[in-house]
1. Restricting attention to the range 118-135, does a residue exist that is on the phi > 0 side of the Ramachandran plot and not in a strand (DSSP E or B)?
2. Of the numbered conditions (1) at pLDDT 95 or above; (2) assigned to a loop (DSSP other than H, G, I, E, B), residue 95 satisfies every one except a single condition; which is it?
3. Among what's in the range 108-124 and is surrounded by 14 or more Cβ atoms within 10 Å (Cβ to Cβ) and free of Cβ contacts under 8 Å to residues at least 40 places away in the same chain, pick the residue that is farthest from residue 85 (Cα to Cα).
4. Check residue 48 against each of (1) crowded, with 20+ Cβ neighbours inside 10 Å; (2) assigned to a loop (DSSP other than H, G, I, E, B) and name the one condition it does not meet.
5. Would you mind stating whether residue 41 is at pLDDT 60 or above, exposed (fewer than 10 other Cβ atoms within 10 Å of the Cβ) and not assigned by TED's automatic domain parsing to the domain that holds residue 124?
6. If I ask for residues that are assigned to a strand (DSSP E or B) and over 11 Å from the mean Cα position of the chain (by Cα), which ones from the range 64-92 would you list?
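The values are calculated or read from the model by the stated rules, or taken from the named source; none is laboratory data. None of these values were measured; they are calculated from a predicted model. Glycine gets a Cβ as well: all are built from the backbone with ideal geometry, and neighbour counts include every protein chain shown.
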């Protein structure tokens, strides 16, 4: 299943759940001279889903420098409505100016990277992390820099 929403909106959906069970041993049920074990679902809790990617630019895993400054941008939302954080860790010699905004649970992050000869061949990555206190959901995107 694609993590991109077909209409440009976050793809909110019901996700997987973890089911807790209660096991009861009963002597009132006799089967072959033994008691019986009953297993009953007792509760369900949702598993934390990673953030949904709405738009990624560039969409391919390569960033080709064609201008003095290139921009990487990501628009994302969390299916459970958790706040998102973008973790950008540029490699050595890569300098970028980051911006991040949020409106109604839609998060936009971008970084402008000026051209320097050192960026050629570098891998640029950003990790989008939700702020669920019990189960961290995350997605990492990477781009290989190419200078023609």
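1. Just the residues of the range 118-135 that are on the phi > 0 side of the Ramachandran plot, to begin with: 121.
Filter again for not in a strand (DSSP E or B), leaving 121.
For the range 118-135, residues on the phi > 0 side of the Ramachandran plot and not in a strand (DSSP E or B): present.
2. Residue 95 satisfies every listed condition except (1).
3. Of everything passing the filter in the range 108-124, 118 is farthest from residue 85 (Cα to Cα).
4. For residue 48, the exception is condition (1).
5. Yes: the conditions hold for residue 41.
6. Correct list: 64, 69, 70, 71, 72, 73, 74, 75, 87, 88.
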